[in-house]
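Inspection log for the structure reproduced underneath, given as structure tokens.
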Amino acid sequence: MEKQVQLSKRLQAVVDLVTKGKKVADVGCDHAYISIYMVEQKIASHVIAMDVNRGPLERAKENIKKFGLDGFIETRLSDGIKKLEPGEAETLLIAGMGGPLMQQIILGNPKALETVDELVLQPQSEIKEVRVFLAQIGFGIVEENMVLDEGKYYVMMRAKRGAKHTYTSELDKRYGKYLLEHKNEVLKAFLQKELKNNQLIFEKLSKQSSAKSEEKKRQLMVDMEYCKEALSQYEG
């Protein structure tokens, strides 16, 4: 048997949000390191490691066998969750994909989704839209985290079916109610960087006078105001 799997800071933060003891579908499992870690650490009772690409799935199978976990993790070639049967997973874990693709995957199999009660997501883009989407499908965000890993910022969230939807303000949707309430230091660093970058772009655009640059400046002003409002929550 191999040594224990070591996850990146980003993936560790994702796995830390999974409720222990659940049956998990690891969607877009790649080489199945998350799946292996969840079983090793007794986070998941059973995992279905799913991927749309045959190559990574074959390597996932090899890794699972290497770690001696064939009895706890099954692999499945699937476009998103299309090959997931109702009742097979209580938690869907999807990490490292763009927000729109993530939404598409979640909606790809309504019958299987009906028996899922937890979503653990790490969208790479359109994070605000993902937060709004979760409320629309009846899932409320109950926990979030944000980490800096190899120079990139990552947001991860856990949503429960039927949990109260509390992300109602524009500020909550943009930056995450829980991140702001808990004064997440990584979010603070991100906001400071974002504000500085937007100010520099605004200054450059101020030297132009086209309709396009004026529209961009108006949008930047809105973004900067939200950044400042979010940063004000860290004061005192």
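Worth pointing out:
- Sole residue being surrounded by fewer than 19 Cβ atoms within 10 Å (Cβ to Cβ), in contact (Cβ under 8 Å) with a residue 24 or more places away in the chain and either in contact with a Phe, Trp or Tyr (Cβ under 6 Å, 6 or more places away or on another chain) or not charged (D, E, K, R) (or both), chosen from Tyr167, Tyr153: Tyr153
- A single member of Leu180, Leu195 is part of a helix (DSSP H, G or I), touching a residue at least 12 places away in the same chain (Cβ under 8 Å) and under 18 Å from Val130 (Cβ atoms), and it is Leu180.
- Yes/no for Val18 being out of contact with any Phe, Trp or Tyr (no Cβ under 7 Å at 6 or more places or on another chain), in a loop (DSSP other than H, G, I, E, B), of a type in the set (Val, Ile, Thr) and under 19 Å from Ile105 (Cβ atoms): yes
- Scope the stretch 60-87; condition over 24 Å from Gln103 (Cα atoms) and loosely packed, with under 15 Cβ neighbours inside 10 Å; matching residues: Glu62, Lys65, Lys66, Gly68, Asp70, Gly71
- Top-ranked residue of the stretch 1-36 - restricted to ones that are over 15 Å from the mean Cα position of the chain (by Cα) and of a type in the set (A, V, I, L, M), ranked as surrounded by the fewest Cβ atoms within 10 Å (Cβ to Cβ): Met1
- Ser213 vs. criteria surrounded by 11 or more Cβ atoms within 10 Å (Cβ to Cβ) and without any contact (Cβ under 8 Å) to a residue 12 or more places away in the chain: yes
- Within the stretch 8-30, residues that are within 15 Å of Glu143 (Cα to Cα) sit with their Cβ atoms under 7 Å from residues that are among the polar types (S, T, N, Q), at 6+ positions apart or across chains, in these pairs: Ala13/Asn145; Val14/Gln122; Leu17/Asn145; Val18/Thr91; Thr19/Thr91.
- Restricting attention to the stretch 113-140, the residues being of a type in the set (S, T, N, Q) and in contact (Cβ under 8 Å) with a residue 60 or more places away in the chain number 1.
- Among the residues making up the stretch 55-75, those that are of a type in the set (Lys, Arg) and farther than 16 Å from Gln6 by Cα are Arg59, Lys61, Lys65.
- Selection over the stretch 96-148 of residues that are touching a helix residue (DSSP H, G or I) at 6+ places or on another chain (Cβ under 6 Å), crowded, with 17+ Cβ neighbours inside 10 Å and either among the small types (Gly, Ala, Ser) or farther than 26 Å from Ser8 by Cα (or both) gives a count of 2.
- When Lys193 is tested against (1) over 26 Å from Ile106 (Cα atoms); (2) in contact with a helix residue (DSSP H, G or I) (Cβ under 6 Å, 6 or more places away or on another chain); (3) at pLDDT 95 or above; (4) charged (D, E, K, R), only condition (2) is not met.
- Scanning the stretch 103-142 for residues that are part of a strand (DSSP E or B) and within 11 Å of the chain's Cα centre (by Cα) yields Leu119, Val120, Leu121, Gln122, Pro123.
- Enumeration of residues in the stretch 66-102 that are of a type in the set (Ser, Thr, Tyr) and either modelled with pLDDT under 95 or farther than 18 Å from Phe139 by Cα (or both): Thr75, Ser78
- Test result for Ala189, closer than 22 Å to Gly96 by Cβ, hydrophobic (A, V, I, L, M, F, W, C) and assigned to a helix (DSSP H, G or I): yes
The values are calculated or read from the model by the stated rules, or taken from the named source; none is laboratory data. On a predicted model such as this, the values are computed, not experimentally measured, just so you know. Positions of Cβ are generated from backbone atoms using ideal geometry, with glycine treated the same way; all protein chains shown enter the neighbour counts.
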